Amino acid sequence: MEKVIVTVEMTDNNYSAYLEKLPGCVSTGNTFEELQKNIAEAVEFHIEGMREDGDQIPFAADYQLAYLFDIESLLHHYKGIFTNAGFERLTGINQRQIQRYYSGVSRPQTAQTHRIKSALHRLGKELLAVEL
């Protein structure tokens, strides 16, 4: 199954998404869950139009959407789950800096982005190992 990247970003009041592999295929949503639904529908609609026009689809028929967040969007999405203090404990990045990322005032450098990604993957692995 081919993973097709959906880029997720924040606007002033909602999430937006687009696919580089499908120029012109965009969507928005008030929540990430709404965005996922809307972009999946937009992709299907876009592909259907391409088929009708005889255009080549730029990815396999068996695909899965994978979401590429910028840090601001990721922090907004998980704000109800991670406090700044919790995110600091998880990543080792101080709360003031996390708040700057959350508000969009600054963006993390590559090393900080890697640190956040590694911490989230580590947490995911720990959670996958849990048995109840």
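Here the condition is being outside any strand (DSSP E or B) and touching a strand residue (DSSP E or B) at 6+ places or on another chain (Cβ under 8 Å); of L35, L90, L68, L75, it holds for L35 alone. Can you confirm whether the range 54-72 contains a residue that is acidic (D, E), under 28 Å from D12 (Cβ atoms) and under 16 Å from the mean Cα position of the chain (by Cα)? Looking through the range 54-72, at least one residue is acidic (D, E), under 28 Å from D12 (Cβ atoms) and under 16 Å from the mean Cα position of the chain (by Cα). Within the range 53-73, the residues that satisfy the criterion of being in contact with a helix residue (DSSP H, G or I) (Cβ under 8 Å, 6 or more places away or on another chain), under 30 Å from Q112 (Cβ atoms) and not hydroxyl-bearing (S, T, Y) are L65, F69, I71, E72.
With respect to the conditions (1) within 18 Å of A17 (Cβ to Cβ); (2) in contact (Cβ under 8 Å) with a residue 40 or more places away in the chain; (3) assigned by TED's automatic domain parsing to the domain that holds E9, P58 falls short on a single one, namely (2). Exactly one residue among I39, I81 is at pLDDT below 95 and aliphatic (A, V, I, L, M), and that residue is I81.
Kindly evaluate S16 against the criterion of being in a helix (DSSP H, G or I), in contact (Cβ under 8 Å) with a residue 12 or more places away in the chain, of a type in the set (G, A, S) and on the phi < 0 side of the Ramachandran plot. Spelling it out, it is not the case that S16 is in a helix (DSSP H, G or I), in contact (Cβ under 8 Å) with a residue 12 or more places away in the chain, of a type in the set (G, A, S) and on the phi < 0 side of the Ramachandran plot. Within the option set Y67, Y63, Y78, Y101, being without any contact (Cβ under 8 Å) to a residue 12 or more places away in the chain, surrounded by 14 or more Cβ atoms within 10 Å (Cβ to Cβ), within 30 Å of P23 (Cβ to Cβ) and not basic (K, R) holds for one residue only, Y78.
The values are calculated or read from the model by the stated rules, or taken from the named source; none is laboratory data. As the structure is a computational prediction, the values presented were derived from the model and not from experiment. Glycine also receives a Cβ, built like all others from the backbone with ideal geometry; neighbour counts cover every protein chain displayed.
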